[in-house]
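Let me begin by presenting the structure, written as structure tokens, before commenting on it.
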Amino acid sequence: MPHSPDINQYLVTREPYYRPVRDELAQFEAACAARLPLMLKGPTGCGKTRLVEHMAWRLGRPLVTVACNEDTTASDLVGRFLLDANGTYWQDGPLAVAARAGAICYLDEIVEARQDTVVAIHPLTDARRSLPLERKNELLHAHPDFQLVVSYNPGYQRMLKDLKPSTKQRFVAIDFHYPSPEVEVGIVMHEGGVARETAERLVGIGGKMRNLKGHGLDEGASTRMLVHAATLIAQGIAPLAACSMALVQPISDDPDMLEALDNVVLGFFG
């Protein structure tokens, strides 16, 4: 007997806060309606995952999320036979669980997975919408509501690894960037629990740090990092210390760069 998890545990029951930047809500909904696999491209911490969570809530679909890494195998996604006191049984992987139940399956940072693992999703990304469970001798046809969403950061990963064109061209894509300063201030205020003046200073620091990308930094400060700094400030940590903890120390180990980033912070909270 296959062991199937309760799909209701994957329902998003409370509305995740999300501030639209452009028309990504309508684009996401259109991709789901047309049953087109969707790729979200953009820098780390810019809101890709939050959009998926928000749309799962908005559409009333369960959300099965996989954080991909270099050890992610095809069996991790599809499923495998396991052994217990009663003998062997088949355990669906998260991709199979989502395909059976009509859930959204979100493969976060898919480019981190091994290439042979990525190829395993191909039958679900075209007109077949099926998933071969070869070890189980089953061809799983996806539920009509099944939606595949993947994300990756092309700016960072282009230097390390990338998706093959044969994979990319199976998806429609939404290109993400950091929000405008005004929108980002609203996000930092809401998520971090700080006043507008503090949020504006944090967003200003974020903008300065992003200008250093390619000049000693691989990545600038993300919206997520700004929210972390705001959260620490709301918890009573002094702004300089909060910025060091959330914005400066996590982003670089180079002494000269750390000094430069500290000076950026001092320009706003000194």
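Let me spell it out: the conditions are (1) within 18 Å of Thr198 (Cβ to Cβ); (2) in contact (Cβ under 8 Å) with a residue 24 or more places away in the chain; (3) surrounded by 16 or more Cβ atoms within 10 Å (Cβ to Cβ); (4) small (Gly, Ala, Ser), and Gly220 meets all of them except one. Which number is the exception?
(1)
Of the residues Arg35, Arg19, which is within 17 Å of the chain's Cα centre (by Cα), outside the structural domain of Met225 (by TED's automatic domain parsing) and of a type in the set (D, E, K, R)?
Only one candidate qualifies: Arg19.
What's the number of the condition Pro179 fails, among (1) assigned to a helix (DSSP H, G or I); (2) in contact (Cβ under 8 Å) with a residue 12 or more places away in the chain?
Tallying (1) assigned to a helix (DSSP H, G or I); (2) in contact (Cβ under 8 Å) with a residue 12 or more places away in the chain, Pro179 fails exactly one: (1).
Out of the residues in segment 91-115 that are more than 19 Å from Arg35 (Cα to Cα) and touching a Gly at 6+ places or on another chain (Cβ under 8 Å), which is surrounded by the fewest Cβ atoms within 10 Å (Cβ to Cβ)?
Gln91
In segment 93-168, which strands (runs of 3 or more DSSP E) lie fully inside it and hold 1 or more residues that are in contact (Cβ under 8 Å) with a residue 12 or more places away in the chain and touching a His at 6+ places or on another chain (Cβ under 8 Å)?
Counting at least 1 such residues, we get 130-133.
Are there any pairs with C-beta distances below 8 angstrom linking a residue in segment 239-255 that is farther than 12 Å from Phe269 by Cβ to a residue that is of a type in the set (A, V, I, L, M, F, W, C) and part of a loop (DSSP other than H, G, I, E, B), with the two at least 6 apart or on different chains, and if so which?
If the second residue must be of a type in the set (A, V, I, L, M, F, W, C) and part of a loop (DSSP other than H, G, I, E, B), the pairs left are Met245/Ile237; Ile251/Ala221.
Inside segment 226-246, can you point out the residues that are under 20 Å from the mean Cα position of the chain (by Cα), surrounded by fewer than 24 Cβ atoms within 10 Å (Cβ to Cβ) and among the hydrophobic types (A, V, I, L, M, F, W, C)?
Result: Val227, single match.
Can you find a residue that is surrounded by fewer than 20 Cβ atoms within 10 Å (Cβ to Cβ) and closer than 30 Å to Ser222 by Cα anywhere in segment 133-143?
There is no residue in segment 133-143 that is surrounded by fewer than 20 Cβ atoms within 10 Å (Cβ to Cβ) and closer than 30 Å to Ser222 by Cα.
The values are calculated or read from the model by the stated rules, or taken from the named source; none is laboratory data. Since the structure is predicted, the reported quantities are computational estimates derived from the model, not experimental observations. A quick note on method: Cβ atoms are made from the backbone with ideal geometry, for glycine too, and the neighbour counts reach across all protein chains shown.
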